[in-house]
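S.K.: Below you will find the structure I want to go over with you.
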Amino acid sequence: MKVLFNSTQLFRIVSLLILITVFALVTGNTYSQDFVSVKDGAWKTDGTWESSSSCSNWNNISNGQPPVSKNWGCEVTVVINHEVTYSGNASGFGSGVFTSLEIGPNGKLIFEDNITINGGGSVPTITLAEGAELVVNGKFDIDRGVEIVVPKNAKLTINNFEIGDNKPVVTIEEGAILVVNEETHVRSQSTLNVFGQLLTVELNYSSGGEINIGSNDFSGEVSVSGNMLIGNGALKMLNNSTLFVGGTSSTGNSGSIYLEDNANLRLVGDVEMSKGGSMTLMDNASFSFESDYSTSGGAKIVLNTNARGIVHGKVVMTNGTITLKNDSEIMVGSSLTATKGAKITGEDNGAMFICDYPNSTKENTSHVSLSGNSFYGNGCFALPVVWKSFDIVVTHNNISKLVWETASEDGNSHFEVERSINGIGGFEKIAVLNGSGWTNAISKYTFEDPELNELVGLVYYRIRQVDFDGNQMVSDVVSIKASGIESGDEPILLTAYPNPTDGSSLNLKLASGNITGPVNVRFLQTSSVASFEGEVGMELDQWLLTVVNNASKGMAVLEVIYEGEAYRMKIMKI
């Protein structure tokens, strides 16, 4: 039987088919092949997966295990509810018709090498449930407009993190943690939101990008043990958020920092702003530069509405500006020199207090402009606490003991010991120790955590110092790997001494635990990396002596890797 349609009938039939297709898409009746893990295992092993499909056989069905990319055919979705390991490099992950990856509440996905999200096709969704974990032991390179959200109680651990320039968005929600063992590199047009916690050795966004620490609803926390470079990018901090940098910090090429609403920035190493770099503080925000500050190339700092700043060392301004408005102030622990086009402006009760005013640029020069009862001149200050050291040691009975010293205290009420287990859920106060109040003598404090025997994984500690007037300062973060082991099996703890060092010597000591094989060691500074492989002992100490002697002054990171675990120490060369 032959059935013929005229043009009108054919048009109606085609239109009906289009409507049916659109309706199916809208109502979620799309075709896909869904892979779900059924046990712990390797990604590339068929027995790890169970799959179901609503596609026809001719639609390029994937067999056995999910592909990491697929050019055409049935769409692929992956759900992981177990511990699944992917070996080898995963290039082009999520390209083509790979549409989604979901890691469930008990799921853990481990990439043993590098993973690169690039290629074409639909942009995949990557979702972590609460309690999920994603680990990349190599480099994680995102070069597509992918959005990754790490929710509360979830963890993302990466060796090197490259957030590319095709508008990817990575969000660390409150109670979540991102740990980067080496460098976090945020490129142009990318966004990193930290409403939980980020721990990284280096932070670099020299080509642009945006980092938001905290929001109107959440406060974020970022700790950079090494150096930070902001070039042609934006860093924004809100709502009591904190940023700690143990090494040097620099801005350039219009790199900007913005703090508001009690946000706090603490930079331990030298700070350099140049080439149009800027920093703006509003509404009780504060910063602490614990070494020297220098500016050139039109860089500027603006403090407005009760903002506060402390520069512990000297200020050297070759061009650039500092503007203080509406009851804002900066305190300089040494001298301030302004040359060429440098300018200090005070408006509406702005104030600049300088400890070494006799050796500084004077008020009556062209470099200083004051109005509205503003102040520039002699005035020294006493820091509430001058930290001398903060370390963690392990006693013979496997109890972690925090040891910290202060060089002086001025109005110090007490210390609050805070602990975080794997960073999940953030820091919690576990003890309070009274401070020494007012003293110029060295004060030593210790606290033992007997609960370490019951914990497993990385345990982080920090000290919150509280003044009698309620102002607070948070210390650096130290960590130890807890394994719930019995007495006598002490965790590995390494110390480097002398620290600070003048470059004449540097030794590595095994304070607890046991190392029976070779180690990989790296000495990292902003512009250089030196590497060593061998036994802990005389040969390693000789290598350290050569490296530290040739190193630049300032902060460095000494990294020791043994049996897949990384142990890091901050080294200060003076």
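Condition check ((1) in a strand (DSSP E or B); (2) over 21 Å from the mean Cα position of the chain (by Cα); (3) of a type outside the set (Asp, Glu)) across all residues:
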residue: Phe93; (1), (2), (3): no, yes, yes
residue: Glu102; (1), (2), (3): yes, yes, no
residue: Val123; (1), (2), (3): no, yes, yes
residue: Val135; (1), (2), (3): yes, no, yes
residue: Gly138; (1), (2), (3): yes, no, yes
residue: Val149; (1), (2), (3): yes, no, yes
residue: Asn153; (1), (2), (3): no, no, yes
residue: Thr157; (1), (2), (3): yes, no, yes
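Here's the yes/no breakdown for (1) among the β-branched types (Val, Ile, Thr); (2) in contact with a Ser or Thr (Cβ under 6 Å, 6 or more places away or on another chain); (3) surrounded by 24 or more Cβ atoms within 10 Å (Cβ to Cβ); (4) modelled with pLDDT of 95 or more:
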site	(1), (2), (3), (4)
Ser249	no, no, yes, no
Asp261	no, no, no, no
Lys275	no, no, no, no
Asn284	no, no, no, no
Glu290	no, no, no, no
Thr295	yes, no, yes, no
Arg308	no, yes, no, no
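S.K.: Take the residues in region 510-523 that are modelled with pLDDT under 80 and in a strand (DSSP E or B), then tell me which one is farthest from Leu545 (Cα to Cα).
M.R.: This residue is Ser512.
S.K.: Only one of Val201, Val180 is in contact with a Phe, Trp or Tyr (Cβ under 6 Å, 6 or more places away or on another chain), among the hydrophobic types (A, V, I, L, M, F, W, C) and either crowded, with 24+ Cβ neighbours inside 10 Å or part of a strand (DSSP E or B) (or both); which?
M.R.: Numbers: Val201 fails: in contact with a Phe, Trp or Tyr (Cβ under 6 Å, 6 or more places away or on another chain).
Only one candidate passes the filter, namely Val180.
S.K.: Filter region 89-109 for residues that are free of Cβ contacts under 8 Å to residues at least 40 places away in the same chain and surrounded by fewer than 17 Cβ atoms within 10 Å (Cβ to Cβ) and give the result.
M.R.: Ser91, Pro105, Asn106
S.K.: Run Ala482 past the list (1) more than 18 Å from Asp391 (Cβ to Cβ); (2) at pLDDT below 75; (3) among the aliphatic types (A, V, I, L, M) and report the number of the one that doesn't hold.
M.R.: Unmet condition: (1).
S.K.: Another question, then. Being over 26 Å from Gly226 (Cβ atoms) and either of a type outside the set (D, E, K, R) or outside the structural domain of His367 (by TED's automatic domain parsing) (or both) is true for just one of Met273, Met279, Met331. Which residue is that?
M.R.: Within the list Met273, Met279, Met331, the selection yields Met331.
S.K.: On to the next question. Given the options Thr345, Thr365, Thr337, name the one that is surrounded by 18 or more Cβ atoms within 10 Å (Cβ to Cβ), modelled with pLDDT of 90 or more and of a type outside the set (A, V, I, L, M, F, W, C).
M.R.: Thr345
S.K.: For region 319-360, name all the residues that are in contact (Cβ under 8 Å) with a residue 40 or more places away in the chain, in contact with a His (Cβ under 7 Å, 6 or more places away or on another chain) and either of a type in the set (Phe, Trp, Tyr) or over 25 Å from Pro384 (Cα atoms) (or both).
M.R.: Matches in region 319-360: Ala342 only.
The values are calculated or read from the model by the stated rules, or taken from the named source; none is laboratory data. Being a predicted model, the structure only gives us computed values, none of them experimental. Note that we place each Cβ from the backbone using ideal geometry, even for glycine, and neighbour counts take in every protein chain shown.
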